[in-house]
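To start, the structure under review is shown below, and the notes come after it.
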Amino acid sequence: MLGVLVVGPLALGGVGVVPFLVIQGLTLGVMGLWAVRIWLHPSPRILFPPVCWPVLAFAAYAICRYYTADIEYVARQELSRILVYTFLFFAVLNNLHRRESVQVITFTLLGLGMLIAGFAIYQFISGSDRVWHLFKLYKGRGTGTYMNPNHLGGFLELLLPLALATALLARFKPLTRILVGYAGLVILAGLGVTLSRGAWAAAFFGLLLLCGALMFYRQYRLPVILLLVAVCGASAIFVQTSPLTKLRLKQIFTSKGGVDDNMRLSLWKPAFQIWQQNPWWGAGPAHFDYRFRAFRPINVQKRPDRAHNDYVNTLADWGIVGFGLLASIWGTLCFTLYRTWPYVRGASTELGDQKGSTKFSFVLGAGIGLASMLLHSWVDFNWHIPANAIIAVTFMAVLTSFTRFATEGYWFRAGVGLRCLVTLVLVSGLVWLGGQGVRMARSQVWLEKASLAPLYSIEQVGLLKKAYEIDPRNFETTYAIGEALRTQSSEGGRNYRELAKQALEFFQIGINFNPWDGYQQLRAGFCLDWLDRRSEADAYFGRAEALDPNGAFMMAQIGIRYVQLGEYAAARPWLERSTRLEWEGNPLPHNYLKICETRLAEAATNSVSPVRP
């Protein structure tokens, strides 16, 4: 379990295919050990508080939505993540709830957070543009071992309240508390250098919650006041001495006086439009990015990936039913914490002061960390970053386990029947997740090899076909194969028609597995033009336009199609629209517009008869 918690943040947040495969493999180890332990333990018990029911319900709903999703490959990847989170939740809840386990998890995460925050501070001071051996896009901002500073902010805002609460409340030796406090200060500094305004707001909100809670206890009032003064003073000094920080604060408002949302509101409206297509069930697991193009606003030309609002994104992907199930998880967790609060906050002394408590420090710190991340989720998508989501799920599981201090009613003695049921569920998960992991790993090996081969070469096509044979539902692989074959066909040669037919077959396969991909339709149309099947091509180009009506690249490609057909007057409106949608960084339509103007001028000159003297 510690491996799962550590690998994710260190491996770019666990976002890539390979990092998540490692996390998935470690999760299989956790599940296997649990399956063995439940039989080796002389008298095992299962802890099953009320929050477990909505967790199971959402997992079951995710499985059902996978089988009914429009894009199976994307839904399968999302289901793998959800099942990993679900199994980890129950594994931590039932195996790592003892005080020693909670302390080890706490110290591991705080030590990891301090190291990653220190790396972010180094990046900020030195101006480094590297994360490990990779180049990052956010130069001048601390990202630590993440590629995005907002996601590092999500990671650190989870840990900051836990570090401060542990330093102030936990029953540890003074040296241990000093070290934990130092880790908290480094984490706070790491949050500062992310320059993430959402993370700043969420962390400040968490700090206010922590201080507000501790102000009810007399012995903590002075340390809390000193902490607030120190944080505010350090923040003021940081803002005054850092030009980048001043710039980020100025960017909160636009020149017209409005709030600069960095186009986030432009993503929320399409998300609501996607949700309205299927209000109850949503578009499908992780479908937002693929349905977005049909509702793209003209000012967003890049691929958004997520809606930059986890609440809106959840509604678009999972509908009212999925959103309601997730809300019920949080509601039940809050009710559980409310019931267990009197039993974990520590006993009062004769003078009325509250004694320190390790349970109290974790409940307060982890609970406020989760609240901070929930606030940050209004402007980002930290719950879709595996490393952050797994840490949050771990916090939720440990907090849920504290219900045992309030009542013994949620413990169930595991007889042979219950052991068999738990083992059956674990083995089923091992088989499915293990099988999907092996298939994904085998496919990824060939995709990595294909990425190193010459672009659009015969060698690359052969390697891509190896990956296709392993996972034929990966529409991105079929697109890559089709594009390589189409490019080879466009170069001419004796077998150019055969290559175009093969490319068309792969594009059609990709369309079947992802009917919302306009680029597959676009490339299929080019192949049909190349095969002199103009009427069929018109239908494909029409569907491509409907799937991305405000895409600058799509408009440019349709314009290029008419240039290739020699219809320069028809090409010009499409190319001009592409330039209006994106003027800078879009040279393709500008170049083809020059060709159109030249050809139209030549045609006009040639059509005028010379005047005889």
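What follows is calculated from the coordinates using simple rules that are stated; it is not laboratory data. All values derive from a computational prediction rather than experimental measurement. Please note: Cβ atoms are built from the backbone with ideal geometry, for glycine as well, and neighbour counts cover all protein chains shown.
The table below gives the values:
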| read-out | value |
| --- | --- |
| Share of alpha-carbon pairs per 10 Å distance bin for the chain, given as whole % | 3, 14, 22, 24, 18, 10, 5, 2, 1, 0, 0, 0, 0 |
| Given Lys136/Lys302; Lys136/Lys466; Lys136/Lys501, the pairs whose alpha carbons are separated by over 29 Å | Lys136/Lys466; Lys136/Lys501 |
| R0 of 35 Å, Cβ-Cβ distance Ala603-Ile298: FRET efficiency to nearest 0.05 | 0.65 |
| Structure-based [θ]222 nm, the chain - -39500 (n - 2.57) summed over DSSP H runs of at least 4, per residue, nearest 500 | -24000 deg cm²/dmol |
| Computed lengthening from Val6 to Glu584, 0.36 nm per intervening residue step minus Cα-Cα distance | 204.0 nm |
| Globularity index of region 453-536, i.e. its alpha-carbon radius of gyration over 2.2 N^0.38 Å | 1.02 |
| Folded to 0 to 90 degrees: helix 552-564 orientation relative to the chain principal axis, Cα | 20 degrees |
| Relative packing of 338-345, 365-372, which averages over residues the other C-beta atoms within 10 Å, highest first | 365-372, 338-345 |
| Region 1-79 versus region 267-288: alpha-carbon centroid distance in Å | 25 Å |
| Kirkwood-Stokes translational diffusion coefficient of region 67-201, alpha-carbon pairs, 4 °C, 1.567 mPa s, µm²/s | 78 µm²/s |
| Low-density loop positions, GluC sites (Glu not before Pro), region 466-508 - DSSP coil, at most 13 other Cβ in 10 Å | Glu491 |
| Estimated inter-spin distance, Glu576 and Ser242, nm [label 7 Å along Cα→Cβ] | 4.8 nm |
| Dipole of the chain [Lys/Arg +1, Asp/Glu -1 at C-beta], most positive-end residue of Phe272, Tyr562, Pro589 | Phe272 |
| Separation of alpha-carbon centers, region 441-518 and region 93-167, rounded to whole Å | 39 Å |
| Proxy reagent accessibility, fewest Cβ within 10 Å first, across Lys302, Lys466 | Lys302, Lys466 |
| Check: the chain dipole with +1 on Lys, Arg Cβ and -1 on Asp, Glu Cβ, in debye | 1380 debye |
| Relative contact order (%) - the chain, alpha-carbon pairs under 8 angstrom, separation at least six | 17 percent |
| Rel. contact order, % - alpha carbon contacts under 8 angstrom, at least six apart, region 438-517 | 26 percent |
| Computed lengthening from Arg442 to Leu56, 0.36 nm per intervening residue step minus Cα-Cα distance | 135.9 nm |
| Helix 496-513 axis, angle to the chain major axis (alpha carbon atoms, nearest 10°) | 30 degrees |
| Dipole of region 47-412, positive direction: furthest Cα of Ser361, Leu168, Cys232, with charges on the beta-carbon | Cys232 |
| Nearest-ten-degree value, helix 149-169 long axis tilted from longest Cα axis of the chain | 0 degrees |
| Ser126/Lys269 FRET efficiency (R0 35 Å; Cβ-Cβ; nearest 0.05) | 0.30 |
| Distance between modelled label sites at Trp341 and Gln276, nm, 7 Å Cα→Cβ extension | 4.0 nm |
| Order of Cys211, Cys334 under a 10 Å beta carbon neighbour criterion, fewest first | Cys334, Cys211 |
